[in-house]
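Each reported figure results from applying straightforward, stated rules to the coordinates on display, with no laboratory input. Everything numeric here is computed off the predicted structure, so don't read it as measured data. Here the Cβ is made from the backbone with ideal geometry for all residues, glycine too, and neighbour counts use every protein chain on show.
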Amino acid sequence: MGYLTAHAGRIVLFSITCASVVAVLLIFVFVIKESIGFFTSYPVGDFLTKKSWYPQADNPEFGALGIIVGSVYVAIGALVIAVPIGLLAAVFLSDIAPFKVQQIFKPIIEILAAIPSVAYGFFAVLVVAPYMQDTFGFPAGTNAMNASIILAVMALPTIISVSEDSLSAVGREIREAAYGLGSTRAETMIKVVIPAAHSGIIAGIILGMMRAIGETMVVLMASGKAYNHIPSPWWDLSQQISTITANIASDMGEVPHGSQHYGALFALGVILFVFTFLLNLVSEYFLSRIKRSTGAAVK
């Protein structure tokens with residue numbers, strides 16, 4: 001009886017795993033299928049290299065460069081804010097904070113991941129946007145900087161959690177050896193512990209970037225929806241932009257099924273799939289390095 005129960009459990013778990021894989025593959029096939037018509041009827045070069053997105057014009061144009069660049073802008077802007085804060089917070093939780101403080105603060109940080117994205121979006125529009133306009137004199141409060149700040153907050157739980165697990169997985173004996181050689185706590189963290197845990201830290205950063213790239217509601221509400229605009233100068237994040245996810249979410253409900261505009265939105269979905277797939281491969285590579293080197297399961 002125990003033998004049958006064990007095998008039944010394995011079969012159930014294997015079936016659930018296969019169902020998840022099949023579901024992802026079917027979604028990918030569906031997106032590819034719906035975008036094939038667009039790729040065969042519209043020049044791919046123009047789609048990727050032009051920023052003129054005018055789907056309702058008499059001669060529709062589907063230049064997605066501005067939208068793609070906008071997605072990269074908010075993702076990189078979010079990481080510039082989130083990575084230093086997340087890494088410092090992970091170091092504090094793993095090596096500085098008392099155990100009781102760690103037990104209190106880590107769950108609170110992880111709760112940030114449970115807040116609905118639409119709540120973050122309302123906060124960006126009703127609080128952050130007016131503050132930026134009143135304080136910095138920005139022409140519009142909904143811009144790349146607004147979206148980057150909110151996405152940074154949303155990415156922090158992932159970066160902090162994965163980085164803290166990686167830092168904690170570095171053995172206590174390594175820290176004690178560094179102290180025994182006369183290193184200070186700061187020197188031990190910067191020159192020993194963080195380099196030893198770099199694979200897990202990089203994996204956490206990449207997972208946080210995936211959260212930023214894949215987010216929809218926040219960028220839809222906070223970025224300004226400027227489809228045809230690339231910030232100039234490039235470092236000026238006070239300008240309005242649009243992103244792949246925001247464009248798909250705002251337009252998909254209004255386009256006729258099977259139209260060229262409909263296919264263009266699925267083509268944007270293909271690009272988003274490629275981005276997230278490559279980032280996922282990179283993060284899995286670094287997570288596997290951590291597991292091989294420490295034997296610890298990094299989640």
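Extending 7 Å from the Cα toward the beta-carbon at both residue 284 and residue 119 defines two label points whose distance is 3.3 nm. The Cα atoms of region 1-110 give a gyration tensor whose axes a ≥ b ≥ c have a/c of 1.5 or more with a/b no greater than b/c, which makes the shape oblate.
Subtracting the Cα-Cα distance of residue 112 and residue 187 from 0.36 nm times their residue separation leaves 23.9 nm of extension gain.
Gain on full extension, evaluated as 0.36 nm per residue between residue 135 and residue 18 minus their Cα-Cα distance, stands at 36.8 nm. Here's the list of aspartates and glutamates a cross-link from residue 51 could span, going by alpha-carbon distance under 16 Å and ignoring same-chain residues fewer than 8 apart: 61. Dividing the Cα radius of gyration of region 4-57 by its Kirkwood radius returns 1.39 for Rg/Rh.
Overall dimensions of region 76-232, expressed as equivalent-ellipsoid semi-axes from the Cα gyration tensor (√(5λ), whole Å, largest first), are 35, 15, 14. Semi-axes of the equivalent ellipsoid of region 101-155 are 27, 11, 9 Å, computed as sqrt(5λ) over the eigenvalues of the C-alpha gyration tensor in descending order. Per-residue extension of 0.36 nm, minus the Cα-Cα distance of residue 97 and residue 173, leaves a gain of 25.5 nm for this segment. Projected onto planes of every orientation and averaged, the convex hull of the alpha-carbon atoms in region 156-242 covers 7.7 nm². Partners of residue 106 within straight-line reach, counting aspartates and glutamates whose Cα lies under 15 Å from its Cα and excluding those fewer than 8 residues away in the same chain: 95, 164, 165. Dipole of the chain computed with +1 at Lys/Arg Cβ and -1 at Asp/Glu Cβ about the Cα centre; of 105, 169, 25, farthest Cα towards the positive end is 169. Taking Cα atoms only, the orientation of helix 2-41 departs from the longest principal axis of the chain by about 30 degrees.
Most mobile of 17, 40, 158 per a Gaussian network model of the chain (Cα springs, under 10 Å)? Most flexible of the set in this elastic network: 17.
Give me the distance in nm between label points sitting 7 Å out from Cα along the Cα-to-Cβ direction at residue 126 and residue 46, one decimal. The two pseudo-label positions are separated by 4.4 nm.
Taking the longest Cα principal axis of the chain as reference, the axis of helix 260-294 is set at about 10 degrees. The share of C-alpha pairs in the chain whose separation exceeds 28 Å stands at 50 percent.
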